[in-house]
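In what follows, a structure is listed as structure tokens, so that the remarks can point back to it.
The values are calculated or read from the model by the stated rules, or taken from the named source; none is laboratory data. All figures in this text were calculated on a predicted structure; none of them were measured in a lab. Glycine gets a Cβ as well: all are built from the backbone with ideal geometry, and neighbour counts include every protein chain shown. SASA here: full protein model, heavy atoms, side chains in, ligands and nucleic acids out. Shrake-Rupley method; radii C 1.70, N 1.55, O 1.52, S 1.80 Å.
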Amino acid sequence: MKEKRLLMEQETFLLHSQIIIQKVQQHSYYKKAKIIGIYVSLPGEVNTFPLIQQALKSHCVCVPKIINDEMEFYYIHSLNDLKEGTFHVLEPTTNQIANIQDIDLMIVPMLAFDNQNYRVGYGKGFYDKYFAKGYLGYKLGLAFSYQKVDKIDINEYDLPLDEILCE
């Protein structure tokens, strides 16, 4: 999947990201959510920067940070609240942690996904571990259609998402 990412032209990548973000913004769970957890995209992932910027105008937004091999979500108030952290991902510099039960909608990245809404991330299981701590909100994945595979090999720790949006 990482190799396929490199083959996507920048213009196509930007257009497909924009289409996916528009679908998120029109989604009923997005519209009714008060607090949204959003991943900060890496190069090649569906670009969440425009979504974060827009969501900050109408929602409380929290983004993930890895500390001691565990993921937590922290509130941000602007993109200026981000700096490079673990795995070269932009992470929040704020210290206001979001309570897991308060996050209404979680927007999740992935490398690949299947028809049952199982996903492959980057192999550390951060999202599955986070969800297992008692997350009850809606889990919405963002991916490009080329990332869909027939079947993901899962184990007892893997949790499916509620929905995955593609272009």
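Listed values, structure above:
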quantity: Output for segment 60-77, where each listed residue is closer than 12 Å to Asn95 by Cα and of a type in the set (Asp, Glu); calculated: Glu72
quantity: Qualifying positions in segment 48-83 - open to solvent by 50 Å² or more (accessible area, probe 1.4 Å) and at pLDDT below 95; calculated: Ile67, Asn68, Asp69, Glu70
quantity: Residue tally, condition open to solvent by 30 Å² or more (accessible area, probe 1.4 Å), within 23 Å of Pro64 (Cα to Cα) and in a strand (DSSP E or B), over segment 140-163; calculated: 1
quantity: Candidate set from segment 111-125 (those that are at pLDDT 95 or above and not in a strand (DSSP E or B)); member that is least open to solvent (accessible area, probe 1.4 Å); calculated: Asp114
quantity: All positions within segment 14-47 that are under 11 Å from the mean Cα position of the chain (by Cα), of a type outside the set (D, E, K, R) and surrounded by 18 or more Cβ atoms within 10 Å (Cβ to Cβ); calculated: Ile36, Gly37, Ile38, Tyr39, Val40, Ser41, Val46, Asn47
quantity: Test: residue in segment 85-99 that is more than 15 Å from the chain's Cα centre (by Cα), farther than 18 Å from Leu51 by Cα and part of a strand (DSSP E or B); calculated: yes
quantity: Test for His27: is it at pLDDT 95 or above and either at positive phi or in contact with a Lys or Arg (Cβ under 8 Å, 6 or more places away or on another chain) (or both); calculated: no
